[in-house]
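Enquirer: Below are the structure tokens for one structure; questions will follow.
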Amino acid sequence: MKVIKTYLDYAATTPVDPRVLKAMLPYFTEKFGNSVSLHSFGEEAKRALEKSRSIMAKTLNAKNENEIIFTSSATESNNLAIKGMAFANQNKGKHIIISSIEHSCVLNSAEWLKKQGFKITKIKVDKYGVINPKEIEKAIRKDTILISIIHANNEIGTIEPIEEIGNICEKKKIYFHTDAVQSFAKIPIDVQKMRVDLLTASSHKLYGPKGAALLYIKKGTNIEPLIHGGDHEFGLRASTVNVPAIVGFGKTVEICEKEMKKESKRLSKLRDKLINGVLKKISDSYLNGHPKKRLPNNTNFRFSYVEGEAILMDLNSYGIAGSSGSACSSEKLEPSHVLLACGLRPEQAHGSLRLTMGRWTKEKDINYTLKILPKTIKKLRKISPYVQ
Amino acid sequence: MYNKKVLQHFKSPHNFGKIKNPDGIGKVGNIICGDVMWIYIKIGNNKKGEEIIKDIKFETYGCVAALASSSIVTDLAKGKTIEQALKINQEEMIKSLGGLPPIKTHCSILAVDALLEAIYDYSIKNKKIISKELEKHHKRVEREEKIIEEKYKEWS
């Protein structure tokens, strides 16, 4: 059988769009200046940096361009948001609320803060991974200084009621951060409407280069930097600025924003075709995450009696790239905390498969996957002791 | 991550399936952990009258390493005398696979465990003399099962 390279792991990372690469290239060579230098070389870099900042502010509907801080990765942005807020506001209290389905960089930042004497409350989710804002309201204490809730989950694609949570936070005067890595420039985001004080987004999930991300910090928010040095990024993130990557980040967000409506419609159609096809063609298969409140490009399934790493590697032999929340496919050998938080048993999480689509996913990719995946599951079930 | 040989065994595993009325079954692993292996054996005699593993089959739930290990261990054991089969160990198996990623070696232990448990099961059922080593091995498998059950108590 002919192997057809089929990349369905866009939630992990994406290729750089050629238009983005073209915009970046001059900033490696002739426009190489340091954005803080005063001469013309520096000015040129600074102009490019500020153009990207302005694109981000516009896309997020931030009031002020100075509310955007560029960092090297979403992990860094989330670390800055969680730890920087904790350090700056600990005189007011040491209680932080997060959800049980945060990305590991939020989860582990919070776990680390626990060791420094902070108190962490993890909000539970329902079986679709949806957070109930009322649960957050109930968890708020006098000493709560920060609430951080993921906008759309990276594994199951469930979209959280950020605006409702934002309203609660505003009413209770508690800082609110959201990790919008999977949703930014894919679905509409308005930081003013959503009432968020901090927001994380990343470039490489959006056809931009790796090594660029942002943290939106609303004016007046009390935060401590984690990286000390020069005065870059308004003193909140020292380090020579990675201008080429940020130029690429800006360019890609500009494109994504322009194409968002059409692209999200196109991807939603492919997503639903894949979901319906899989559930119809494969017995004992289930959808993880919410059937409606989910990212346009995310699918996440589970199959009884088979293990996820084996599914991935069999698909890989046909050229199909996906990911899994099984213990065997993780470095820690633990099943996905997100799937367990949704109430799945470990053996159900072991049988999970995430397929995420993007700009270059075509209908023929979905058709090919719908041809191969049932074969893969059938083959592995033949070997499994749990199938009679 | 995996070498060619491992992937070959994974893609086209040898000796998978059930044996009807097996002489011995070894069931090891825990689905909560992510790997379960069942090995079935049929015992016969060679020309010298020694007992041999005439047929062997496996059923495995697990990752690539677990599936490939199951396949190779059945290859190694098939046609061997019981005495020879008892000598199969993890090192030999990993070597026959051309190596496994370090993080995956623990999956391969299960394959040897399942084989020895199947021989143990046959020996008990047929009132054969059980060597000290096989007894020790059986006790270790039992102990490990208890530890895992204890670890995943909340899920039982």
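Enquirer: Which residues, counting only those in the stretch A:88-126, are over 19 Å from the mean Cα position of the chain (by Cα), crowded, with 17+ Cβ neighbours inside 10 Å and in a helix (DSSP H, G or I)?
Expert: A:88, A:89, A:113
Enquirer: While we're looking at this one, here's another question. Every residue in the stretch B:116-156 that is of a type in the set (Phe, Trp, Tyr) and either more than 13 Å from chain A (Cβ to nearest Cβ) or part of a loop (DSSP other than H, G, I, E, B) (or both), please.
Expert: B:120, B:122, B:152
Enquirer: Yes or no: residue B:90 at pLDDT below 95 and polar (S, T, N, Q)?
Expert: Judged against the criteria, residue B:90 is a match.
Enquirer: Still on this structure: Exactly one condition in (1) aliphatic (A, V, I, L, M); (2) under 15 Å from residue A:245 (Cα atoms); (3) touching a Lys or Arg at 6+ places or on another chain (Cβ under 8 Å) is not met by residue A:49; state its number.
Expert: (3)
Enquirer: Residue check: is residue B:141 touching a Phe, Trp or Tyr at 6+ places or on another chain (Cβ under 6 Å), within 30 Å of residue A:339 (Cβ to Cβ) and surrounded by fewer than 24 Cβ atoms within 10 Å (Cβ to Cβ)?
Expert: For residue B:141, the condition - touching a Phe, Trp or Tyr at 6+ places or on another chain (Cβ under 6 Å), within 30 Å of residue A:339 (Cβ to Cβ) and surrounded by fewer than 24 Cβ atoms within 10 Å (Cβ to Cβ) - is not met.
Conditions (1) in contact with a strand residue (DSSP E or B) (Cβ under 8 Å, 6 or more places away or on another chain); (2) surrounded by 17 or more Cβ atoms within 10 Å (Cβ to Cβ); (3) at pLDDT 95 or above, marked per residue:
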| residue | (1), (2), (3) |
| --- | --- |
| A:152 | yes, yes, yes |
| A:170 | yes, no, yes |
| A:181 | yes, yes, yes |
| A:212 | yes, yes, yes |
| A:231 | no, no, no |
| A:244 | no, yes, yes |
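Enquirer: Next question, about the same structure. Need the failing condition index for residue B:125 against (1) closer than 30 Å to residue B:3 by Cβ; (2) basic (Lys, Arg); (3) loosely packed, with under 15 Cβ neighbours inside 10 Å; (4) in contact (Cβ under 8 Å) with a residue 12 or more places away in the chain, just the number.
Expert: Answer for residue B:125: the failing condition is (1).
For every residue, the table says whether it meets (1) crowded, with 16+ Cβ neighbours inside 10 Å; (2) on the phi < 0 side of the Ramachandran plot; (3) touching a residue at least 12 places away in the same chain (Cβ under 8 Å).
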residue: B:3; (1), (2), (3): no, yes, yes
residue: B:12; (1), (2), (3): no, yes, no
residue: B:15; (1), (2), (3): yes, no, yes
residue: B:18; (1), (2), (3): no, yes, yes
residue: B:23; (1), (2), (3): yes, yes, yes
residue: B:32; (1), (2), (3): yes, yes, yes
residue: B:46; (1), (2), (3): no, yes, yes
residue: B:66; (1), (2), (3): yes, yes, yes
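Enquirer: Residue pairs, Cβ under 6 Å, 6 or more apart or interchain, first in the stretch A:356-367 and in the same structural domain as residue A:289 (by TED's automatic domain parsing), second surrounded by fewer than 17 Cβ atoms within 10 Å (Cβ to Cβ). List them.
Expert: A:366/A:273
Enquirer: How many of the residues making up the stretch A:144-178 are under 17 Å from residue A:293 (Cα atoms) and in contact with a Cys (Cβ under 8 Å, 6 or more places away or on another chain)?
Expert: Summing the residues that are under 17 Å from residue A:293 (Cα atoms) and in contact with a Cys (Cβ under 8 Å, 6 or more places away or on another chain) in the stretch A:144-178 gives 1.
Enquirer: Let me confirm something: among B:25, B:31, which residue is of a type in the set (A, V, I, L, M), more than 15 Å from residue A:305 (Cβ to Cβ) and in contact with a helix residue (DSSP H, G or I) (Cβ under 6 Å, 6 or more places away or on another chain)?
Expert: One residue alone meets the criteria, B:25.
Enquirer: Given the stretch B:1-115, what strands (runs of 3 or more DSSP E) lie entirely inside it while holding 2 or more residues that are among the charged types (D, E, K, R) and either within 14 Å of another protein chain (Cβ to nearest Cβ) or within 11 Å of the chain's Cα centre (by Cα) (or both)?
Expert: B:51-61
Enquirer: Test of understanding: among A:233, A:259, A:170, A:224, which residue is closer than 19 Å to residue A:79 by Cβ and in a helix (DSSP H, G or I)?
Expert: One residue alone meets the criteria, A:233.
Enquirer: In a strand (DSSP E or B), within 26 Å of residue A:151 (Cβ to Cβ) and either assigned by TED's automatic domain parsing to the domain that holds residue A:180 or β-branched (Val, Ile, Thr) (or both): does that describe residue A:69?
Expert: yes
Enquirer: Something else now. Confirm whether residue A:77 is part of a helix (DSSP H, G or I) and at pLDDT 95 or above.
Expert: Yes: the conditions hold for residue A:77.
The values are calculated or read from the model by the stated rules, or taken from the named source; none is laboratory data. Worth saying up front: this structure is predicted, and the values here are computed from it rather than measured. For neighbour counting, all protein chains shown are included, and Cβ atoms are generated from backbone atoms with ideal geometry for every residue, glycine included.
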